[in-house]
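J.: Just passing along the structure, written as structure tokens.
The values are calculated or read from the model by the stated rules, or taken from the named source; none is laboratory data. All values derive from a computational prediction rather than experimental measurement. All Cβ positions, even for glycine, are placed from backbone atoms using ideal geometry, and neighbour counts span all protein chains on display. For accessibility, only protein heavy atoms count, side chains too; no ligands or nucleic acids. Shrake-Rupley method; radii C 1.70, N 1.55, O 1.52, S 1.80 Å.
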Amino acid sequence: MKFLQYATLCLSLFAATASLSSCDKDDDVPSLGKMSLEFENVVGTSALQLNSATPYQTPAGDQFTVSTFRYYISNIKLKKADGTEFVQPESYYLIDEALPASKTFSIPNIPTGDYTGLTFTIGVDSARNVSGVQTGALAPGDMFWSWNSGYIYTKLEGRSPQASNGAIVFHIGGFKSPNNTIRTVSPTLNGATIQIRDGRTPEVHLKANVLKMFSGPNTIRFATLSNSMGGPGSVLVANNQAAGMFTVDHIHGN
């Protein structure tokens, strides 16, 4: 009888220890979720239409149409109210108005919680500009200057009657001082939070306003600046972009 009681006690202790160990192990595994970012390119209050038959107008009164519009989004971060951050590794995305699928993408493996801030870079960090041949969104293509060893962060091409030859070409890039055009922005969530939960995927809907490339801190007139491939002119446009080109319109699925 004593042996049975002893054996039963031992089994009970073992079961309790195993249960505690299992709980500890589960507690060590963080709960993860994901979210989506969706970019909508607009011109003021209208959706951007490539090769529109009706020209758009800048705040300064210049008319223009757009045939190409692409830009890099990279180094995406989320911040909680307590200051802790999630930094997505290897986050480089090329948004292309001509490719609808490129304008929405998912970010996995985010620790669950409520995030009050979103930050990302317009462009590609300096290290990747000099890292040689790469893959994915950073694969060599027409968003890379082979002659200047660096990425084009934003490419806008089109037409304007105010431009000297009728064409507008804005290839915004460059990472070396004094013409560094890498810009990091934190568009406000307007008091909302991004609620990351296991089994639920919030979608953050952002708008990229083309007009903000040509207005803001610097007024761009196509009669004087219609062709920019890096340099001081691109710095003016990059500063405009950082000042308000990207806004969070709404968040789905919270």
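J.: Relative to the longest principal axis of the chain, what angle (0 to 90°, nearest 10) does the C-alpha long axis of helix 232-244 take?
T.: With rounding to tens, the tilt is 50 degrees.
J.: To continue, here is another question. Going by amide H atoms built from the backbone, whose H comes under 5 Å of the H on residue 123, apart from near neighbours?
T.: Correct list: 72, 73, 74.
J.: For segment 35-143, what does the relative contact order come out to in percent, with C-alpha contacts under 8 Å and a separation of six or more?
T.: Dividing the mean separation by the residue count of segment 35-143 yields 29 percent.
J.: Let me ask you something else. Using Cα springs under 10 Å in a Gaussian network model of the chain, which residue among 39, 170, 144 shows the largest mean-square fluctuation?
T.: 144
J.: Taking a probe of 1.4 Å, how large is the accessible area per residue of the chain, in Å²?
T.: 50 Å²
J.: Give me the distance in nm between label points sitting 7 Å out from Cα along the Cα-to-Cβ direction at residue 195 and residue 179, one decimal.
T.: That separation, rounded to one decimal, is 4.9 nm.
J.: Further question on the same structure: Pairs of lysine in the chain with Cα under 22 Å and at least 8 positions apart or on different chains: total?
T.: Close lysine pairs under the 22 Å cut-off: 14.
J.: Still on this model: Against the longest alpha carbon principal axis of the chain, how many degrees, from 0 to 90 and to the nearest 10, is the axis of helix 2-28 turned?
T.: Tilt of helix 2-28: around 10 degrees.
J.: Based on the alpha-carbon gyration tensor of segment 105-219, what equivalent-ellipsoid semi-axes (square roots of 5 times the eigenvalues) come out, in whole Å, largest first?
T.: Ellipsoid semi-axes (Å, largest first): 31, 21, 14.
J.: Just for the Cα atoms in segment 46-190, what are the lengths along the principal axes, largest first, rounded to whole Å?
T.: 51, 38, 32
J.: If amide H atoms are built 1.01 Å from N in the plane of the peptide, which residues on other chains or at least 5 residues away come under 5 Å of the amide H of residue 175?
T.: HN-HN under 5 Å from residue 175: 181.
J.: Which of 203, 85, 97 moves most in a GNM of the chain, Cα contacts under 10 Å?
T.: Largest GNM mean-square fluctuation: 85.
J.: Please go through segment 159-245 and write out the trypsin sites (Lys or Arg not before Pro) that DSSP classes as loop and that have at most 16 other C-beta atoms within 10 Å.
T.: Of the trypsin sites (Lys or Arg not before Pro), the ones in loops of segment 159-245 whose Cβ has at most 16 other Cβ atoms within 10 Å are 176, 221.
J.: What part of the accessible area of the chain, given as a whole %, is carbon or sulfur when the probe is 1.4 angstrom?
T.: 54 percent
J.: Another one. What are the ³J(HN,Hα) couplings of segment 199-211, residue after residue, when phi is run through the Karplus curve with 6.51, -1.76, 1.60 and θ = phi - 60°? Round to Hz, x for glycine and proline.
T.: x, 9, 10, x, 10, 8, 9, 10, 10, 10, 9, 4, 4
J.: From the list (1) 0.95; (2) 1.23; (3) 1.37, can you say which value of Cα Rg over 2.2 N^0.38 Å was derived from the structure given?
T.: Given (1) 0.95; (2) 1.23; (3) 1.37, the structure-derived one carries the label (3).
J.: Only Cα pairs within less than 10 Å get springs; with that Gaussian network setup on the chain, which residue of 63, 134, 195 has the largest fluctuation?
T.: So, out of 63, 134, 195, the one fluctuating most is 134.
J.: Moving on to the next point. With only alpha-carbon atoms counted, please give the Rg and Dmax of segment 71-145, in Å.
T.: In order Rg, Dmax, the Cα atoms of segment 71-145 give 14.0, 41 Å.
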